[in-house]
Amino acid sequence: MLRHLPRLDDDDFKATSARLLSSASNSLVASIEVARHGYRRQYGVLARTFIETLATVVAFAIKENALQQFHEGKLDSNKCVTWAKAALPPIGQYWGMLSREFVHIGKSYSAFEPPLEYTAADEALPFILNSLRGNVCLLHIVAELIFSDETDTPQYWSRNGQAASFDPTPEVRAWMEVFLKPVELGANDIGKA
């Protein structure tokens, strides 16, 4: 990815994807920072931006003319989510939940939610920790999709010509089961999180 980032005036597939993946990475780091300071809802807003950016990059890889539409300013990022969930089904459900719970203004927005330290009874902390791990994993998966032809050992995708299908190796599947296993925190775990 890093070799494609300096190509700032290049609108090709890899250069554009690298810049969007860099932007997604920035959103991921920003989401961590706001979560660390107790901003629960704002974490979800940034997480949705992260997912929508990844979905756009996936759309470039699987949908003809998506990259061209993007550069023409005609690409609807909502459609990108629809297209991306065909390749990675969890993206659609996760994006939808983040949209409903954190982005679209509704009754829950009228709640008083000052930034507070997390407590043992706080449902937000396990959600944030679990979704952060999922986000890191998704970033890795999407980056490999875009740059899989630049690695000798793809871990998540198998290629058949130009087409790619999500097909993690057995070792990666086992790792994902452990890495993505939901975290449950008790009162003694709050200081460790």
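The values are calculated or read from the model by the stated rules, or taken from the named source; none is laboratory data. Fair warning: this is a prediction, and the values are worked out from it, not measured in the lab. A quick note on method: Cβ atoms are made from the backbone with ideal geometry, for glycine too, and the neighbour counts reach across all protein chains shown. Just the protein is used for accessible areas: all its heavy atoms, side chains included, with ligands, DNA and RNA removed. Shrake-Rupley method; radii C 1.70, N 1.55, O 1.52, S 1.80 Å.
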Cα gyration tensor category, rounded, prolate or oblate, for the chain with a/c compared to 1.5 = prolate
Which of 42, 68, 155 moves most in a GNM of the chain, Cα contacts under 10 Å?
-> 68
How much length, in nm to one decimal, is gained on full extension between residue 169 and residue 93, taken as 0.36 nm per residue of separation minus their Cα-Cα distance?
-> 25.0 nm
Could you tell me how many degrees, from 0 to 90 and to the nearest 10, lie between the Cα long axis of helix 13-36 and the main elongation axis, the longest principal axis, of the Cα atoms of the chain?
-> 10
For the chain, set up a Gaussian network in which alpha carbons nearer than 10 Å are linked by springs, and say which option among 180, 54, 125 fluctuates the most.
-> 180
For the chain, with the dipole built from +1 on Lys and Arg beta-carbon atoms and -1 on Asp and Glu ones, taken about the Cα centre, which of 55, 45, 176 lies farthest toward the positive end?
-> 45
Can you tell which of 153, 16, 89 lies farthest toward the positive end of the dipole of the chain, using +1 and -1 charges on the Cβ of basic and acidic side chains (Lys, Arg; Asp, Glu)?
-> 89
Note the angle between two axes, namely the Cα long axis of helix 170-179 and the longest principal axis of the Cα atoms of the chain, as a number of degrees from 0 to 90, rounded to the nearest 10.
-> 30
How many Å² of accessible area per residue for the chain, probe 1.4 Å?
-> 58
Region 68-129: which GluC sites (Glu not before Pro) are DSSP loop and have at most 16 other beta-carbon atoms within 10 angstrom?
-> 72, 117, 123
May I ask you to give the percent of accessible area on region 20-122 that is carbon plus sulfur, with a probe radius of 1.4 Å?
-> 55
What FRET efficiency, computed as 1/(1 + (r/R0)^6) with R0 = 41 Å and r the Cβ-Cβ distance, is obtained for residue 120 and residue 151, rounded to the nearest 0.05?
-> 0.45
With runs of 4+ DSSP H residues as the only contributors, calculate the mean residue ellipticity of the chain at 222 nm using -39,500 (n - 2.57) per run, divided by the residue total and rounded to the nearest 500.
-> -18000 deg cm²/dmol
According to a simple spin-label model (label point 7 Å from Cα along Cα-to-Cβ), what is the distance in nm between residue 41 and residue 130?
-> 2.2
